[in-house]
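Accompanying notes for the structure given below.
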Amino acid sequence: MWQSVPSFTELLDSARESAVHLEMRDSYGVAAEADAVARWKETGEVDTDPESPYWAPWTALIRRLVARGVTVRRARIVSEPVSDYIRYEHAGTAANVAAGEQVRWLPRRQASDIALPGNDFWLIDGWLIRWNHFTGEGASAPGEMSEDPAAARLCAEAFEAVWVRAISHDEYKIS
């Protein structure tokens, strides 16, 4: 049992082969994104510069992982028509891709027969899970770590099932 949850930097830096992330919410209210989301709502502009102060810490981390041979994949299950937040997220995903993340999108109606965990997660090297918890309004809540083999198997199988069906970021169009 984990006594504390490592930072995302510590967690991802521990990966040797793979880091996969499954996102299943249509809206997040994460404080660190609030200003960027508000700006996008007002202007329609979103920061996609991987070297900007907003993105640089994340893109540097992902580039470091990819340079070490770690595969970093992110899949997002989304309701359609998509929420405003997903429009914002889609518009900014170019920075994730530029850093070396592989990103795919799966319309929720195509996920109905996939057994999914109850929470978003990161799965590191197929065995270490970081559960991402959120409040009802989408704000970050304390995360949780698990090495439970059955839960890791569920996460791995769910992620792969989503990944196979999902549409690459470059091909997923939001109307």
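Quick look at the values:
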read-out: Looking only at region 159-175, and only at residues there that are farther than 24 Å from R130 by Cβ and among the acidic types (D, E), the one that is farthest from the chain's Cα centre (by Cα); value: E171
read-out: Only one of A156, A139, A115, A150 that is more than 16 Å from the chain's Cα centre (by Cα) and touching a residue at least 12 places away in the same chain (Cβ under 8 Å); value: A115
read-out: Residues of region 76-98 satisfying the condition of being surrounded by fewer than 19 Cβ atoms within 10 Å (Cβ to Cβ) and more than 14 Å from the chain's Cα centre (by Cα); value: S79, E80, P81, S83, D84, R87, A91, A98
read-out: Checking L128 against (1) over 30 Å from T43 (Cβ atoms); (2) of a type outside the set (D, E, K, R); (3) without any contact (Cβ under 8 Å) to a residue 60 or more places away in the chain, the condition it does not meet; value: (3)
read-out: Odd one out for Y88 among (1) modelled with pLDDT of 95 or more; (2) farther than 20 Å from V20 by Cβ; (3) in a loop (DSSP other than H, G, I, E, B); value: (3)
read-out: Filter result for W105 (under 15 Å from L11 (Cβ atoms) and part of a strand (DSSP E or B)); value: no
read-out: Top-ranked residue in region 140-153 [being assigned to a helix (DSSP H, G or I) and in contact with a strand residue (DSSP E or B) (Cβ under 9 Å, 6 or more places away or on another chain); ranked as surrounded by the most Cβ atoms within 10 Å (Cβ to Cβ)]; value: A152
read-out: Condition check for V46: crowded, with 16+ Cβ neighbours inside 10 Å, among the β-branched types (V, I, T) and in a loop (DSSP other than H, G, I, E, B); value: yes
read-out: Which numbered condition V78 misses (of (1) over 21 Å from R104 (Cα atoms); (2) in contact with a strand residue (DSSP E or B) (Cβ under 9 Å, 6 or more places away or on another chain); (3) not charged (D, E, K, R)); value: (1)
read-out: Test result for E80, closer than 22 Å to D26 by Cβ, free of Cβ contacts under 8 Å to residues at least 60 places away in the same chain, assigned to a loop (DSSP other than H, G, I, E, B) and not small (G, A, S); value: yes
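The values are calculated or read from the model by the stated rules, or taken from the named source; none is laboratory data. Keep in mind it's a predicted model, so treat the numbers as computed, not measured. Here Cβ is always computed from backbone atoms with ideal geometry, including for glycine, and neighbour counts include all displayed protein chains.
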